[in-house]
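Enquirer: The structure's right below; bear with me while I get my questions together.
The values are calculated or read from the model by the stated rules, or taken from the named source; none is laboratory data. For clarity, every value in this text was computed on a predicted model and none was experimentally measured. Don't worry about glycine lacking a Cβ; one is built from the backbone with ideal geometry, like all the others, and counts go over all protein chains shown. For accessibility, only protein heavy atoms count, side chains too; no ligands or nucleic acids. Shrake-Rupley method; radii C 1.70, N 1.55, O 1.52, S 1.80 Å.
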Amino acid sequence: MPNITAVVSVRLLSLAVGVALVATACGSSSPHSSAAPRTVQVSVSSCGVGWSTHAAGAQHLLLSDTDSRPGGVALINPSTGAVFAEVEPIGPGTTADLDITLGAGTYALRCAMEDEAAVVGPRVTLTGSAADPAPGVVPVDQADLIGATKSYEAYVSGALPGLTAEVAGLRGDIMAGDEAKAKTDWLTAHLSYERLGAAYDAFGDLDGEINGLTNGLPGGVHDSGFTGFHRIEYGLWHGEKAATLVPQVDALNAAVGKLAAVFAKAQIDPLDIAIRAHEISENALQFELTGEDDYGSHSELATVGANLDGTKTVLAMVSTLLKPRDKNLPAVEAGLARAQQVVGAHLHTALGQLTTSQREQINAAISQLCELLAPVATILEPRRTS
């Protein structure tokens, strides 16, 4: 059975197969009414029939698809279109619980059944007061996200020439036998690439060639399929000679050189911008702060710093859309600043050299940021309104 909760009032977002969005307040559960659920129909002909509550507060609705088709249902303000909760999909003959706290106001259900225009059910007016009612969010459409997407595409395109030059410099260091400079320039180039985290899907297979790990490679660090920044990292920090490393840098240089052409033909999905704001920091927790992607440089925290730079860039590009929709945006921005401050104090420290207290502070800051950023993709997801 699908899980439904408020769209905006919450901080922690989970995505599940077959469920459009699941959001719950961190450390809390959805509000449940002690009364028996009211069965409310979801269909083209009887959308919203059965919801007759008139008191603000906890609402417990049992959504029942009485149509012959699957579809989605949203709880909305029928005057503004603001969405308070939604579930998708719900199949014919199935039900889904919707538990939410609503304040005084007028609401309705919007049913969007497969291959049919969306219909809005009867208006339900609630009176009285409620503690911590769920706010609604006015939906965005695909066109709303185009500006942010174009800005990010321009940002990435503008960064690629510098990345190409940095990789070429790294090759020169290795050819000259300057190991110390090669390590420094490797880190500079790698961090430049990490700042482009929101674009990796648009890079296609090149991302694996440029920044892939040994996961799934039978030969591990010695597998011929292990290429790119991390392969060169392994070689530099394990004393490999130029004869071995130069071909690896040449392969990296060729892959980076292809990026501009590939990216120019690719299109970033507008929704990806919002999703990546969360996923960049999520990946930092999964890979950098576990040491999984360290092949000798111990530069995980510098990489996290670059990831946070990338997150800040993405967030800035969608802030115009978020400001009128997410009352929690100031907390998100403060959480990002806090994470940058905590990580920034240890950019050149290996994970193993951190004290327990320092490690806990960093993990806590990035974890909190992930939670704060999680609803961004939900808020900015284009929604069907007709």
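Enquirer: Is at least one residue of the range 333-340 surrounded by fewer than 23 Cβ atoms within 10 Å (Cβ to Cβ) and in contact (Cβ under 8 Å) with a residue 40 or more places away in the chain?
Expert: Within the range 333-340, none of the residues are surrounded by fewer than 23 Cβ atoms within 10 Å (Cβ to Cβ) and in contact (Cβ under 8 Å) with a residue 40 or more places away in the chain.
Enquirer: Would you check if ILE273 is modelled with pLDDT under 90, touching a Phe, Trp or Tyr at 6+ places or on another chain (Cβ under 7 Å) and under 30 Å from ILE362 (Cβ atoms)?
Expert: Values: modelled with pLDDT under 90: yes; touching a Phe, Trp or Tyr at 6+ places or on another chain (Cβ under 7 Å): yes; under 30 Å from ILE362 (Cβ atoms): yes.
Considered against the rule, which asks whether it is modelled with pLDDT under 90, touching a Phe, Trp or Tyr at 6+ places or on another chain (Cβ under 7 Å) and under 30 Å from ILE362 (Cβ atoms), ILE273 comes out as yes.
Enquirer: Among the residues of the range 146-161, count how many are of a type in the set (Phe, Trp, Tyr) and open to solvent by 60 Å² or more (accessible area, probe 1.4 Å). So that I can check it myself, show each step before the final result.
Expert: Here is the first cut: in the range 146-161, the residues of a type in the set (Phe, Trp, Tyr) are 152, 155.
From what's left, open to solvent by 60 Å² or more (accessible area, probe 1.4 Å): 155.
Residues in the range 146-161 being of a type in the set (Phe, Trp, Tyr) and open to solvent by 60 Å² or more (accessible area, probe 1.4 Å): 1 in total.
Enquirer: Give me the pairs: first residue in the range 351-375 and of a type in the set (S, T, N, Q), second residue surrounded by 15 or more Cβ atoms within 10 Å (Cβ to Cβ) and in a helix (DSSP H, G or I), beta-carbon distance under 6 Å, and six or more apart or on different chains, which are they?
Expert: Short answer, once both residue conditions are applied: GLN361/VAL342; GLN368/GLY335.
Enquirer: Continuing with the same structure: Counting just the residues of the range 162-180 that are without any contact (Cβ under 8 Å) to a residue 24 or more places away in the chain and within 16 Å of GLY235 (Cα to Cα), which one comes out surrounded by the most Cβ atoms within 10 Å (Cβ to Cβ)? Steps first, please.
Expert: So in the range 162-180, the residues without any contact (Cβ under 8 Å) to a residue 24 or more places away in the chain come out as 165, 169, 172-173, 176, 178, 180.
Those still in the list that are within 16 Å of GLY235 (Cα to Cα) too: 172-173, 176, 178, 180.
Values: GLY172: 13, ASP173: 21, ALA176: 11, ASP178: 13, ALA180: 9.
If we take residues in the range 162-180 being without any contact (Cβ under 8 Å) to a residue 24 or more places away in the chain and within 16 Å of GLY235 (Cα to Cα), then ASP173 is surrounded by the most Cβ atoms within 10 Å (Cβ to Cβ).
Enquirer: Same structure, new question: Looking at LEU12, is it open to solvent by less than 20 Å² (accessible area, probe 1.4 Å), in contact with a helix residue (DSSP H, G or I) (Cβ under 8 Å, 6 or more places away or on another chain), closer than 30 Å to SER281 by Cα and modelled with pLDDT under 95? Walk me through it before giving the result.
Expert: On the way: open to solvent by less than 20 Å² (accessible area, probe 1.4 Å): no; in contact with a helix residue (DSSP H, G or I) (Cβ under 8 Å, 6 or more places away or on another chain): yes; closer than 30 Å to SER281 by Cα: yes; modelled with pLDDT under 95: yes.
No: the conditions fail for LEU12.
Enquirer: Which of the residues that make up the range 228-267 are assigned to a loop (DSSP other than H, G, I, E, B) and not basic (Lys, Arg)? Before the answer, list the steps.
Expert: Of the range 228-267, the ones assigned to a loop (DSSP other than H, G, I, E, B) are 228, 237-241, 266-267.
Result: GLY228, TRP237, HIS238, GLY239, GLU240, ALA266, GLN267.
Enquirer: Could you grab me the full set of residues in the range 200-222 that are assigned to a loop (DSSP other than H, G, I, E, B) and of a type outside the set (A, V, I, L, M, F, W, C)?
Expert: In the first step, residues of the range 200-222 are kept if they are assigned to a loop (DSSP other than H, G, I, E, B); the result is 204-205, 212-219.
Within the range 200-222, GLY204, ASP205, GLY212, THR214, ASN215, GLY216, PRO218, GLY219 qualify.
Enquirer: Further question on the same structure: Of the conditions (1) open to solvent by 70 Å² or more (accessible area, probe 1.4 Å); (2) within 30 Å of ALA58 (Cα to Cα); (3) over 27 Å from the mean Cα position of the chain (by Cα), MET113 satisfies every one except a single condition; which number is it?
Expert: The one condition MET113 does not meet is (1).
Enquirer: Would you check if THR378 is assigned to a helix (DSSP H, G or I), in contact with a His (Cβ under 8 Å, 6 or more places away or on another chain) and either aromatic (Phe, Trp, Tyr) or open to solvent by less than 10 Å² (accessible area, probe 1.4 Å) (or both)? If you could, list the steps in order and put the result at the bottom.
Expert: Details: assigned to a helix (DSSP H, G or I): yes; in contact with a His (Cβ under 8 Å, 6 or more places away or on another chain): no; either aromatic (Phe, Trp, Tyr) or open to solvent by less than 10 Å² (accessible area, probe 1.4 Å) (or both): yes.
No: the conditions fail for THR378.
Enquirer: Here's a follow-up. Tally the residues that are surrounded by 18 or more Cβ atoms within 10 Å (Cβ to Cβ) and touching a Lys or Arg at 6+ places or on another chain (Cβ under 9 Å), restricting the search to the range 89-109.
Expert: 2
Enquirer: Could I ask something else about it? From the list GLY197, GLY204, GLY212, pick out the single residue that is modelled with pLDDT under 95, under 30 Å from GLN142 (Cα atoms), open to solvent by less than 20 Å² (accessible area, probe 1.4 Å) and not hydrophobic (A, V, I, L, M, F, W, C). Spell out the reasoning first.
Expert: Details: GLY204 fails: open to solvent by less than 20 Å² (accessible area, probe 1.4 Å); GLY212 fails: under 30 Å from GLN142 (Cα atoms).
Result of the check over GLY197, GLY204, GLY212: GLY197.
Enquirer: Among the residues of the range 268-285, count how many are touching a helix residue (DSSP H, G or I) at 6+ places or on another chain (Cβ under 7 Å) and part of a loop (DSSP other than H, G, I, E, B).
Expert: The number of residues fulfilling the criteria is 1.
Enquirer: Restricting attention to the range 286-324, which residues are crowded, with 20+ Cβ neighbours inside 10 Å, among the small types (Gly, Ala, Ser) and not in a loop (DSSP other than H, G, I, E, B)?
Expert: ALA302, GLY305, ALA306, GLY310
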